[in-house]
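Working notes for the structure below.
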Amino acid sequence: MNYHVNEKGYYGDFGGAYIPEMLYPNVEELRQKYLDIMNSADFKKEFDQLLKDYVGRPSPLYLANRLSEKYGANIFLKREDLNHTGAHKINNTVGQILLAERLGKKRIIAETGAGQHGVATATVCALKGLECVVYMGEIDIERQAPNVARMKMMGATVVAATSGSKTLKDATNEAMRDWINNPVDTHYIIGSVVGPHPYPDMVARFQSIISEETRRQLKEHTGSESPDYVLACVGGGSNAAGMFYHFLDDQHAKLIAVEAAGHGVNSGESAATTILGKEGVLHGSRSILMQTDDGQVIEPYSISAGLDYPGIGPQHAHLFKTRRAEYVCATDDEAMQAGLLLAKLEGIIPAIESSHALAHLEKMNFKKGETVVICLSGRGDKDLNTYMKYFNL
Ligand SMILES: *Cc1c(COP(=O)(O)O)cnc(C)c1O
């Protein structure tokens, strides 16, 4: 079974590039050049150097002793929370800014919901001195004031999307419009393994550093680079795609992706895409998404902003359909409790997104001596207000 993208941009039935004709030249330029650029010695050298000196890689693989004792397995945390800017997203934005430079682009655009991807994009634009415009829904700008301030401080222009629901999907529309109007000098940095081909593959490759390091680090810790289980949370699916990448052909490693069930799968307020979703086209690719019978996208909900997305990337749809990975979900409550538990047992406050992956440990039955790797995709600083309200801290 092939779990990677084929020449036509598909993972089995999923993927492709479903875009308005006016975007075709932009996406086609990227498609023709991304692999050559990423495989060039000059690119690799600068990417590796920045991941090391700027992002702080390799991120540690930490054997969480007290968590391991509680659940009866050897549980390792892949510490993406220790990266510069506090999550895995920077791996991708560093990669894409280097690519944009080599494509001769002078201007970067991005869309952001909670602001995490906007911050990661503004960060690398400051690093490279490139103009940065971030589209963000008017409502999200109000809700996410600290991230808006971070972006501005690093020199980005934050543009409010004032149409529709004034949230992520409207910001995405504005960014698309911008890119259509500025095809020559502008690169659009997408923040997850979504969008038209080649974005899902390109982003997964940039994030694959996570599993590349993990295999090496596991070998050092345990003598084997192959764990029994690999877990990650899934919004669009980029940290999971990076965490799974070098385990896809290792059939010993069971892959588990955890989606957000919000108030419960059947509550009408969730983001459990694989359970509730159907096949269709979202944001430029064919995948699985939450939609009504007549194809309207259903507004997702999760307590964690990063998982509040109505679809999953096309590679995940393929891993789901072929059953290479198991897709499960955790509710808001389960995730919040798991976040608190990690804080108490290990002194690590996780991002609420990552807490969803941790929450699944409660539902597993480990055999003695089994090895588990969990992607701790981000740190909880950004979520402190939510933790405070939830636990009355
Ligand atoms: C954005 C984000 C996610 C969700 O995005 P993916 O593309 O699914 O990885 C998960 N964790 C953190 C910390 C995030 O910031």
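The values are calculated or read from the model by the stated rules, or taken from the named source; none is laboratory data. From a predicted model like this one, the values you see are computed outputs, not experimental measurements. For neighbour counting, all protein chains shown are included, and Cβ atoms are generated from backbone atoms with ideal geometry for every residue, glycine included. Accessible surface areas use protein heavy atoms only, side chains included; no ligands, DNA or RNA. Shrake-Rupley method; radii C 1.70, N 1.55, O 1.52, S 1.80 Å.
Tell me the carbon and sulfur percent of the accessible area for the chain, rounded to whole percent, probe radius 1.4 Å.
Carbon and sulfur atoms account for 50 percent of the accessible area of the chain.
Classify the range 204-360 from the C-alpha gyration tensor, please: rounded if a/c falls under 1.5, else prolate or oblate depending on whether a/b exceeds b/c.
oblate
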*Out of the range 248-329, which trypsin sites (Lys or Arg not before Pro) are coil in DSSP terms and have no more than 16 other C-beta atoms within 10 Å?*
R323
*Estimated 222 nm signal from helices in the chain, with DSSP H stretches of n ≥ 4 weighted -39500 (n - 2.57), rounded to 500*: -12000 deg cm²/dmol
_At a threshold of 8 angstrom on Cα-Cα distance, excluding pairs fewer than six apart, so keeping six or more, what relative contact order does the chain reach in percent?_
20
_Dmax and Rg, reported as Rg then Dmax, of the range 325-393 (C-alpha, Å)_ = 12.4, 38
*First measure r as the distance between the Cβ atoms of K344 and K278, then evaluate 1/(1 + (r/R0)^6) with R0 = 35 Å and state the FRET efficiency to the nearest 0.05.*
0.30
*Once you have the Cα-Cα distance between H4 and Y18, take 0.36 nm times their residue separation minus that, and quote the gain in nm to one decimal.*
3.2 nm
*To the nearest 10 square angstrom, what accessible area does H246 show with a 1.4 Å probe?*
70
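Report the gain in length on full extension from D250 to K368: 0.36 nm times residue separation, minus Cα-Cα distance, nm rounded to one decimal.
That works out to 40.4 nm of additional length.
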_Tell me which cysteines of the chain come out unpaired when the rule is another cysteine's Cβ under 4.7 Å._
C233, C329, C375
_Heavy-atom accessible area per residue - the range 70-189, 1.4 Å, Å²_ = 36
*Give me D for the range 129-184 in µm² s⁻¹, whole number, from Stokes-Einstein with Rh from the Kirkwood sum over alpha-carbon pairs, 10 °C and 1.306 mPa s.*
137
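Would you rank V94, V5 by solvent-accessible area, highest first, keeping every protein chain in place and using a 1.4 Å probe?
Greatest to least solvent exposure: V5, V94.
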*Estimate the FRET efficiency between D42 and E131 by the formula 1/(1 + (r/R0)^6), using the beta-carbon distance for r and 25 Å for R0, to the nearest 0.05.*
0.60
*Can you flag which of K89/K128; K78/K128; K8/K33; K44/K128; K128/K169; K89/K152 are past 21 Å Cα-Cα?*
K78/K128; K128/K169
*Pair K33, E69: separation of 7 Å Cα→Cβ label points (nm)*: 5.5
*Per the Kirkwood treatment, what hydrodynamic radius in Å, one decimal, follows for the chain from the mean inverse distance over all distinct Cα pairs?*
20.8
*How big is the range 1-80 by the Kirkwood estimate over distinct Cα pairs, in Å?*
16.9
*For the range 105-234, with equal point scatterers placed on the C-alpha atoms only and solvent neglected, what are the log10 I(q)/I(0) values from the Debye formula at q = 0.12, 0.13, 0.18, 0.20 1/Å, to two decimals?*
-0.54, -0.62, -0.96, -1.10
*Rounded, prolate or oblate (a/c below 1.5 giving rounded, otherwise prolate when a/b exceeds b/c) for the range 279-393 by Cα gyration tensor*: oblate
_List K368, K106, ordered by accessible area with a 1.4 Å probe, largest first_ = K368, K106
_Charge tally in the Cβ shell below 11 Å around G113, where Lys, Arg are +1 and Asp, Glu are -1, G113 excluded_ = -2
*Tell me the label-point distance for the pair L384, K52, using the 7 Å Cα-to-Cβ offset, in nm and rounded to one decimal.*
3.3
_As a test, work out the antiparallel percent of DSSP beta bridges whose residues both lie in the chain, rounded to the nearest 5._
30
*Identify which of P196, P60, P314 has the largest mean-square fluctuation in a Gaussian network model of the chain, with springs joining Cα atoms closer than 10 Å.*
P60
*Once label points are set 7 Å from the Cα along Cα→Cβ at both D293 and R216, what is their separation, rounded to one decimal in nm?*
5.4
*Could you provide, to the nearest whole Å², the per residue accessible area of the range 229-325 with probe 1.4 Å?*
35
